[in-house]
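Asks: The structure under discussion is supplied below as structure tokens; questions concerning it will follow.
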Amino acid sequence: MKVIQVFNNISRKGLSHFPDESYSIVEETQAPEAILLRSKKIHDIQIPPSLKAVGRAGAGVNNIPVDRFSELGIPVFNTPGANANAVKELVVAGLMLACRNLCDAREYVKALDGTPEEMGKKVEAGKKQFAGTELPGRTLGIIGLGAIGRSVATIAIKLGMRVIGFDPDLTVEGAWQLPHEVQRAGDITQVLRESDFLTVHVPFNASTEGMIDAKSLNIMHSDAVILNFARGGIIDDQAVADALDAGRLGRYVTDFPNPILQGHGRVIALPHLGASTSEAEENCAMMVVGQVRDYLENGNIRNSVNFPEVVLGRGSPYRLAVVNRNVPNMLGQISTMMADLNIAEMINQSRGELAYTMVDTDSPIPDELLAEINGIEGVLSARLL
């Protein structure tokens with residue numbers, strides 16, 4: 001029985017994909033084989049020796065000590081794209097709220113009083129101050145063209161907007177899925193310079209922290225609108241506040257409120273609602289459960305933030321999976337130790353300082369051999385599947 005420890009409220013529909021006869025889902029345990037979570041911060045967690053995988057039901061992993069898990073040879077999975085539609089809809093809502101001044105207009109109406117006739121006159125007299133702009137013909141800049149960025153680009157084009165995007169890490173597969181109408185920018189500066197609206201869809205890490213800073217804001221149109229439904233910290237909030245106060249930025253729309261921007265008249269701040277739909281929560285849960293199951297049962301790795309993508313169809317009931325440091329002659333040592341077995345298929349991939357190997361054999365792999373492979377210097381884990 002494989003024990004899965006669950007933090008936060010993971011969708012039951014997703015968890016139901018763990019078969020009852022072979023998995024136990026618990027909230028408290030000293031020996032989990034996998035951990036599933038959403039937003040819980042686990043940087044101070046004591047990592048048990050039984051742990052083989054961590055699954056994040058969502059895209060961001062800044063609440064997870066990825067480096068610590070990498071050192072122990074434990075993959076961290078996430079679910080890029082599972083909440084893409086939910087975030088896309090929120091971005092569209094943000095565009096509408098900003099360009100039509102809907103929040104200010106709502107507050108104006110809430111404060112009205114008097115008879116129906118008096119209120120009608122006040123509405124007519126006051127509505128001019130909330131006149132906005134329409135989206136067709138405006139330029140939307142997108143930084144980050146992953147699943148969410150591409151989804152936003154597609155709907156923006158349907159709304160009649162011109163779309164320009166930048167993503168230095170765009171994969172070949174991602175490029176194929178990008179609408180042909182999207183103009184690919186050579187750098188972020190081009191996107192900033194041309195955008196009437198700017199939306200960011202990148203993870204928060206050392207390279208993206210403060211990506212949009214005072215220097216970036218000085219490049220943008222003075223009436224531009226920035227939308228941040230990705231992660232707090234990507235946008236320099238103090239720089240945004242200063243730019244808004246100085247009339248060098250039109251509006252800022254985000255679901256990462258903080259004290260610096262609290263109560264600012266040109267800021268539309270919401271709770272972090274990007275994946276807060278029943279559909280997105282179910283999609284994320286089902287996706288992460290599927291990935292963790294496939295790793296625990298078959299050794300396959302899909303959508304890991306610290307391991308290479310490695311998928312090998314199951315052609316044999318006998319499989320060895322090895323995680324090791326990415327150093328010379330590791331594969332040679334493993335192959336030499338398995339010389340007495342007929343290897344049906346083998347796959348090896350690396351990512352950064354880690355490498356991962358799966359070997360299918362025509363006959364059972366002895367426990368003694370597994371112990372020898374686990375004893376190789378640089379091997380972080382080896383298991384039979």
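Taken together, the values in this text are just the output of simple stated rules run on the coordinates, not laboratory data. In this text, all values refer to a predicted model and were calculated from it rather than measured experimentally. Here the Cβ positions follow ideal geometry from the backbone for every residue, glycine too, while neighbour counts run over all protein chains shown.
Asks: Compute the angle between helix 147-158 and the longest alpha-carbon principal axis of the chain, please, reported from 0 to 90 degrees and rounded to the nearest 10.
Replies: That helix lies at roughly 40 degrees to the long axis.
Asks: Please order 318, 23 by the number of other Cβ within 10 Å, starting at the fewest.
Replies: Least to most surrounded, the residues fall as 318, 23.
Asks: Continuing with this model, one more query. If you plug each phi of region 14-29 into the Karplus form 6.51 cos²θ - 1.76 cosθ + 1.60 with θ = phi - 60°, what whole-Hz ³J(HN,Hα) values come out, in order, with x for Gly and Pro?
Replies: x, 5, 5, 7, 8, x, 4, 6, 10, 10, 10, 9, 9, 9, 10, 6
Asks: Turning to a different aspect of this structure: What ranking, highest mean first, results for peptides 4-15, 171-182 when packing means the other Cβ atoms within 10 Å averaged over each residue?
Replies: Highest mean packing first, the order is 4-15, 171-182.
Asks: Please count, across region 38-115, the pairs of lysine residues with Cα atoms under 28 Å apart that sit 8 or more places apart or on different chains.
Replies: Summing the qualifying lysine pairs gives 4.
Asks: Evaluate region 308-385: find the radius of gyration of its Cα atoms, find its Kirkwood radius, and give the ratio Rg to Rh.
Replies: Reported Rg/Rh, Kirkwood definition of Rh: 0.92.
Asks: Continuing with the same structure: For region 89-269, what is the relative contact order in percent, using Cα pairs closer than 8 Å and at least 6 residues apart in sequence?
Replies: The normalised contact order for region 89-269 reaches 18 percent.
Asks: Could you list the square roots of 5 times each eigenvalue of the Cα gyration tensor of region 228-344, that is, the equivalent ellipsoid semi-axes, sorted largest first and rounded to whole Å?
Replies: Taking √(5λ) for each eigenvalue gives 50, 19, 8 Å, largest first.
Asks: Check cross-link reach from residue 127 to the aspartates and glutamates: straight Cα distance under 18 Å, and skip same-chain residues fewer than eight apart.
Replies: List returned: 104, 107, 113, 117, 118.
Asks: Same structure again: Share of antiparallel DSSP beta bridges in the chain, in percent to the nearest 5?
Replies: Numbers: 23 of 59 bridges.
Given both bridge residues lie in the chain, the antiparallel proportion sits at roughly 40 percent.
Asks: Taking θ as phi - 60°, what are the ³J(HN,Hα) couplings along region 57-69 by the Karplus curve (6.51, -1.76, 1.60), each to the nearest whole Hz, with x for Gly and Pro?
Replies: 7, x, 8, x, 10, 6, 8, 10, x, 4, 4, 5, 5
Asks: Follow-up. Need the full-extension length gain, residue 331 to residue 246, defined as separation in residues times 0.36 nm minus the C-alpha distance. One decimal, nm.
Replies: Length difference between fully extended and current span is 24.6 nm.
Asks: What number comes out for the charge environment of residue 319, summing +1 per Lys or Arg and -1 per Asp or Glu over other residues with Cβ under 12 Å away? Please list the in-between numbers first.
Replies: Numbers: positive: 314, 383; negative: 297, 345, 360, 362.
Result for the neighbourhood of residue 319: -2.
Asks: Please report the relative contact order for the chain, taking Cα pairs under 8 Å with a sequence separation of at least 6, and give it as a percent rounded to a whole number.
Replies: Averaging sequence separation for qualifying contacts and normalising by length gives 15 percent for the chain.
Asks: Please enumerate, by chain and number, the aspartates and glutamates with C-alpha under 20 Å from the C-alpha of residue 158, excluding those fewer than 8 residues away in the same chain.
Replies: 89, 134, 181, 194, 196
Asks: Can you tell me, using C-alpha contacts under 8 Å and at least 6 residues apart, the relative contact order of region 306-372 as a whole percent? The partial results should precede the final answer.
Replies: Values: 100 pairs, mean separation 29.8, N = 67.
Relative contact order comes out at 44 percent.
Asks: Just name one of 35, 188, 379: the one whose Cα is farthest towards the positive end of the charge dipole of the chain (beta-carbon charges, Lys/Arg +1, Asp/Glu -1).
Replies: Result: 188.
Asks: May I ask for the angle, rounded to the nearest 10°, between helix 116-126 and the longest principal axis of the chain, with both axes built from Cα atoms and the value confined to 0 to 90°?
Replies: Orientation of helix 116-126: about 80 degrees from the principal axis.
Asks: Let me ask something additional. Roughly how tilted is helix 278-298, in degrees to the nearest 10 and between 0 and 90, from the longest Cα axis of the chain?
Replies: Roughly 20 degrees, rounded to the nearest 10.
Asks: Something else now. Cβ under 15 Å from residue 179's Cβ, residue 179 left aside: what net charge do those residues give with Lys, Arg +1 and Asp, Glu -1?
Replies: +2
Asks: In whole Å, what three semi-axes, largest first, describe the equivalent ellipsoid of region 89-269 built from its Cα gyration tensor (square root of 5 times each eigenvalue)?
Replies: Semi-axis lengths for region 89-269 are 32, 19, 14 Å.
Asks: Shifting gears a bit: Name the residues of region 367-382 whose amide N is less than 16 Å from a point 7 angstrom out from the Cα of residue 340 along the C-beta direction?
Replies: Label zone hits: 367-374.
Asks: Report the FRET efficiency, 1/(1 + (r/R0)^6), for residue 127 and residue 62, where r is their Cβ-Cβ distance and R0 is 45 Å, rounded to 0.05. Don't skip to the end; give the middle numbers.
Replies: Details: r = 42 Å, r/R0 = 0.94.
For residue 127 and residue 62, the calculated efficiency is 0.60.
Asks: When all C-alpha to C-alpha distances in the chain are sorted into bins of 10 Å, what percent of pairs does each bin hold, rounded to whole numbers?
Replies: The distribution over the chain is 5, 20, 25, 21, 15, 8, 4, 1, 1, 0, given as percents.
Asks: Where is the GNM fluctuation largest for the chain (alpha-carbon springs, 10 angstrom cutoff): 47, 74, 142?
Replies: In the Gaussian network model the winner is 47.
Asks: Points 7 angstrom from Cα along the Cβ direction at residue 22 and residue 309: gap in nanometres?
Replies: 2.5
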